[in-house]
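What follows draws every value from the coordinates through simple rules; no lab data is involved. What you see is a predicted model; the values in this text were computed from it and never measured. Here the Cβ is made from the backbone with ideal geometry for all residues, glycine too, and neighbour counts use every protein chain on show.
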Amino acid sequence: MAETHIESLLKEQRIFPPSPEFSKHAHIHSLEVYDSITKRAAEDPEGYWADIAAELDWFEPWKKVLEWDSPFAKWFVGGKTNIAFNCIDRHLSSATKNKVAILWEGEPGDVRALSYQMLHYEVCRFANVLKSLGIEKGDRATIYMGMVPELAIAMLACARIGVTHNVVFGGFSAEALRDRINDSKSRVLITADGAYRRGAIVPLKKNADEALSGAPSIERVIVYKRTGEPVNMAPPRDLWWHDQVAKMAGVCPAERLEAEHPVFMLYTSGTTGKPKGVVHATGGYMTNVYITTKWVFDLKDEDTFWCSADVGWVTGHSYIVYGPLLNGATSVMYEGAPNYPEPDRFWSIIEKFKVNIFYTAPTAIRSFIKWGDLWPAKHDLSSLRLLGTVGEPINPEAWMWYHKNIGRDRCPIVDTWWQTETGAIMISPIPGALPTKPGSATRPLPGVVVDVVDRQGKSVGTNQGGFLVIKRPWPSMLRTIYGDPERYKKQYWSEIPGMYFTGDGARCDEDGYLWIMGRIDDVINVSGHRIGTMEVESSLVSHPTVAEAAVVGRPDELKGQGIVAFVTLAAGHQAAPALKEELKGHVAKTIGGFAKPDEIRFTDALPKTRSGKIMRRLLRDLASGQATVGDTTTLEDFSVLTKLREEEE
Ligand code: WTA
């Protein structure tokens, strides 16, 4: 755990109660109803979760709601279900079968609308493709695609037959993809020739080819044709998506899966070492994602819901694909960049599709602010009735801008706190019931028990900063880290014994509202992407000129945090400006462009403790241009710090 002293400085006074008009039609329409649900969930958590799970379809009922062998949880033990069945087949016996499930816009402007019935057909055909290749229940499939409907189809097809999917964000490089394939031991890779992004083409298949040179577990590669650019196809390994589905029937029974069957894994950055494959289980994930989508977004049958995240991150898994479909909703999916061809692309999509609920990230909001109010002002956004944010703390001024310029002072904003590991939203306003305060994620959802504690696990007082923990298992909690249960225990359940350690700092105000203060571990949140400092350091050190590297975050107006790397060079290498660019390019190549350091600083030595630990706190202060205020008595060689300051030029 970082040696951080947590001090909370933010004091926001404004408060926004939901409008009577909004509350009147909301699923949870008053504080009284909210309080009674919360009370019930606190008194009888298992009964509470069981009632929610029972709103979905099960092939066989569970025998036990929760089996808690701390820190390992099993939910709905003995129950059999299938999340793809619940996302699709459950809706086919009602008028929902003809409702649009996925409403997609490509970056060049092409549009596709897939009804639930059509989605069923496509998912079944693709599931049959996988089966025809011998891919079966218990296998893993890596999916590396752009934002096309086939990405959702591939996920659902895997889930339908019990293949655990591992989606790798299309912005990752070949090397990052290779590591994730190898760690997951996937038998099949599902990719595309390319993807459109800001008018250019992301060469997915080319990256995949590079990754596959060192990924022996992959037997087959299925390639969806999106851009039509020529790509290398290596028979018999590589197959075209369209050739294969053309041969398949549109019927494929959904596997009857144990509730605990791993539905997917998703890699995320942790404090130390390589990215972790966070594993989620079918029944619990399904239950938690279903109810949070319904309540937090107050989702109704007539709504068009748009989460602008990428499906390559957990937000897209839970709130583009699974959550909306479990609720029989229409989910919008957009392929490209928010400022292509102009900075009003999002507002034009909202106007065109008459989007009712819009969910995006603070980093995107800060970009919108920078681009100017004129872009949203050009559009009729009157269809919107609710807004959401996720991914990082939202500064109150960005919240106010969003409220005014997008919500036109009319729409409640739900600031939702959660993580890849939690699977579903944990802390958020329920929009028809709870007044909001700009910058606060408000209260934990019913059934979620959080606290702000000190290192010993003792609750800190009102308005005191501390560590955000979760004290009771919840259905969509991660089950383990793939292949490494010890790391799961150590990372999440040992820092503060008996509690789930989130890695975030927080404070709780006099109304019980939570104010998240960001990561307190060595994870940097750049534009809502979690990047482990360790990964960037390993990447830098893998360059032949680098001896040692220490990477820290510094505040960045647009991205939330920027990356600064302190680098010492191996003997015989000179600190030259061209080398800085080369090192930045090296990180982009080994991890992905989004992890590229904003600044590289060469130095002769790094500040270390006597035991050899790099004192990141000092580097963080330096990187953000602050005077070092903290304790430096453990510093082994004080002259290093003086020198670092001098090197600041
Ligand atoms: C941060 C994204 C403040 C937090 C769903 C968390 C937030 C990490 C919020 C998880 C929020 C997410 N307010 N901080 N509303 N939402 N975070 O795994 O630091 O990509 O631990 O999941 O993002 O990032 P992840």
Angstrom value of the Kirkwood radius, inverse mean 1/r, which spans all Cα pairs in the range 343-491: 17.3
Per DSSP H run of at least 4 residues, take -39500 (n - 2.57); add these up for the chain, divide by its residues and hand me the 222 nm value, nearest 500 deg cm²/dmol. -8000 deg cm²/dmol
Regarding the range 505-609, what whole-number volume in Å³ per residue does the convex hull of its Cα atoms give? 113
Scoring the range 85-255 by relative contact order with C-alpha pairs under 8 Å, at least six apart, yields a percentage of 23
Given Cα positions, please report Rg to Rh for the range 324-398, the hydrodynamic radius being the Kirkwood one. 0.96
With contacts defined as alpha carbon pairs under 8 Å and 6 or more residues apart, what's the relative contact order of the chain in percent? 14
Stick to the Cα atoms of the range 107-216, pair each with every other, and give me the Kirkwood hydrodynamic radius in Å at one decimal. 14.5
At 0.692 mPa s and 37 °C, Stokes D of the range 214-320 from Kirkwood alpha-carbon radius, µm² per second: 183
Protection proxy ranking, peptides 62-69, 404-411, 530-537, average beta carbon neighbours within 10 Å, highest first: 530-537, 404-411, 62-69
Residue order, fewest to most beta carbons within 10 Å, for THR96, THR315: THR96, THR315
Taking neighbour counts of Cβ atoms within 10 Å as a proxy for exposure, in what order, fewest first, do THR568, THR287, THR360 appear? THR568, THR360, THR287
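Divide, for the chain, the radius of gyration over alpha carbons by 2.2 N^0.38 Å, where N is the residue count.
Details: Rg = 24.2 Å, N = 649, 2.2 N^0.38 = 25.8 Å.
Computed over Cα atoms of the chain, the ratio equals 0.94.
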Ranked from fewest to most other Cβ atoms within 10 Å of their own Cβ, SER494, SER527, SER440 fall in the order SER494, SER527, SER440
For the range 523-648, what number of Lys pairs, 8 or more residues apart or on separate chains, have alpha-carbon atoms under 17 Å from each other? 5
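DSSP beta bridges in the chain, what fraction antiparallel, as a percent rounded to 5?
Rounded to the nearest five, the antiparallel share is 60 percent.
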Leaving out same-chain residues fewer than 8 places away, which lysines sit with a Cα under 24 Å from that of LYS225? LYS131, LYS205, LYS206, LYS247
From largest to smallest, what semi-axes in whole angstrom does the range 170-211 give when each is the square root of 5 times an eigenvalue of its alpha carbon gyration tensor? 20, 10, 8
